[in-house]
1. Tell me which of these VAL67 doesn't satisfy, since it passes every other one: (1) hydrophobic (A, V, I, L, M, F, W, C); (2) more than 12 Å from the ligand (Cβ to nearest atom); (3) touching a strand residue (DSSP E or B) at 6+ places or on another chain (Cβ under 8 Å); (4) in a helix (DSSP H, G or I).
2. Sort out which residues of the stretch 72-92 are surrounded by 15 or more Cβ atoms within 10 Å (Cβ to Cβ) and either part of a helix (DSSP H, G or I) or on the phi < 0 side of the Ramachandran plot (or both), and write them in order of number.
3. Residues of the stretch 151-173 being open to solvent by less than 70 Å² (accessible area, probe 1.4 Å), more than 14 Å from the ligand (Cβ to nearest atom) and of a type in the set (D, E, K, R), which ones?
4. Just a yes or no: is a residue in the stretch 39-47 within 15 Å of the ligand (Cβ to nearest atom) and modelled with pLDDT under 95?
5. Filter the stretch 79-133 down to residues that are within 15 Å of the ligand (Cβ to nearest atom) and among the hydroxyl-bearing types (Ser, Thr, Tyr) and give me whichever is nearest to VAL63 (Cα to Cα).
6. Taking the stretch 41-63 as the region of interest, how many residues are open to solvent by less than 40 Å² (accessible area, probe 1.4 Å), more than 23 Å from SER162 (Cα to Cα) and in a loop (DSSP other than H, G, I, E, B)?
7. Restricting attention to the stretch 11-26, report how many residues are within 15 Å of the ligand (Cβ to nearest atom), more than 18 Å from ARG70 (Cα to Cα) and at pLDDT 90 or above.
Amino acid sequence: MILFGPPGSGKGTQSKLLQQSCIPGPHISTGDMLRQHIEAGDAMGRGAEHLIKAGKLVADETVNELVKQRLSEPDCRGGMILDGYPRTLNQASVLLALISTYGFSPVVVHLVVDNERIVARLSGRRICPVCGTLYSLKTNPPKVPGICDLDGAKLVTRPDDSEPVIRERLNQYELQTRPLLDYFRREGVPVFEIGGAGSTPEQISNRICDELRAAGLAHASARKRAKRGVALTSDAGVRN
Ligand code: ADP
């Protein structure tokens, strides 16, 4: 499943919820993978860091190679959720060719959220560097300001969550990524449009699973597992 949408549309949150409910397989986020390389201080991380901080896209060859390697791992044999990939026409065509060699049929879920809500969501977003929990200063703040409820770590702001960089990320999305929706449709890939705001994250993931099941594209028996899902708050609540 390709989870598609602008930065801040909730792809990360939805990936985790969908994994627990109707989409088996790993959650693969190229943004997370690139940040791990930055953390490790290796050559790929050093090459990507300034681009990410400026809100620009990292080179196609770099992310294509990351995804190619990741998809060759055994836990991907039953399918996977792709978050933040593909973002360019080149990446999309490389991906479709790659997954056809594995015999997968892709499906796109497009999370639709308007730009002003995204800027508000991302500029108030704080992250726990230890467990990855996301908070929103306005609608879902930690109990103690600046501290993770779960492990007491000091919360951080992602360096690309400042307003000018958010606007550049949105600009890159409009220019390079949104046009992929037409490409997918032309290639016969089913695209599901799902409102990504105004409901709780669980309601949104339930809607996605219901639509996929109705189209015969998701497992019917997984609903029970959804009940064990992580409790998140409402959009307005925005744990992106
Ligand atoms: P968001 O979806 O909120 O922008 P991500 O964590 O997915 O957050 O991505 C953060 C940054 O990592 C992007 O702005 C871009 O610089 C880089 N990046 C992630 N995925 C890709 C990709 N598929 N192609 C190019 N750059 C990417």
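1. (2)
2. As a first pass, look at the stretch 72-92 and keep what is surrounded by 15 or more Cβ atoms within 10 Å (Cβ to Cβ): 76, 79-88, 90-92.
Answer for the stretch 72-92, where residues must be surrounded by 15 or more Cβ atoms within 10 Å (Cβ to Cβ) and either part of a helix (DSSP H, G or I) or on the phi < 0 side of the Ramachandran plot (or both): CYS76, MET80, ILE81, LEU82, ASP83, TYR85, PRO86, ARG87, THR88, ASN90, GLN91, ALA92.
3. ASP151
4. First, pick out the residues of the stretch 39-47 that are within 15 Å of the ligand (Cβ to nearest atom): 39, 44-47.
Now drop any that are not modelled with pLDDT under 95, which leaves 39.
Within the stretch 39-47, one or more residues are within 15 Å of the ligand (Cβ to nearest atom) and modelled with pLDDT under 95.
5. Here the residue is TYR85.
6. Summing the residues that are open to solvent by less than 40 Å² (accessible area, probe 1.4 Å), more than 23 Å from SER162 (Cα to Cα) and in a loop (DSSP other than H, G, I, E, B) in the stretch 41-63 gives 0.
7. Number of matching residues: 2.
The values are calculated or read from the model by the stated rules, or taken from the named source; none is laboratory data. All values derive from a computational prediction rather than experimental measurement. Cβ atoms come from the backbone with ideal geometry, glycine included; neighbour counts cover every protein chain shown. These accessible areas exclude ligands, DNA and RNA; they are computed on the full protein's heavy atoms, side chains included. Shrake-Rupley method; radii C 1.70, N 1.55, O 1.52, S 1.80 Å.
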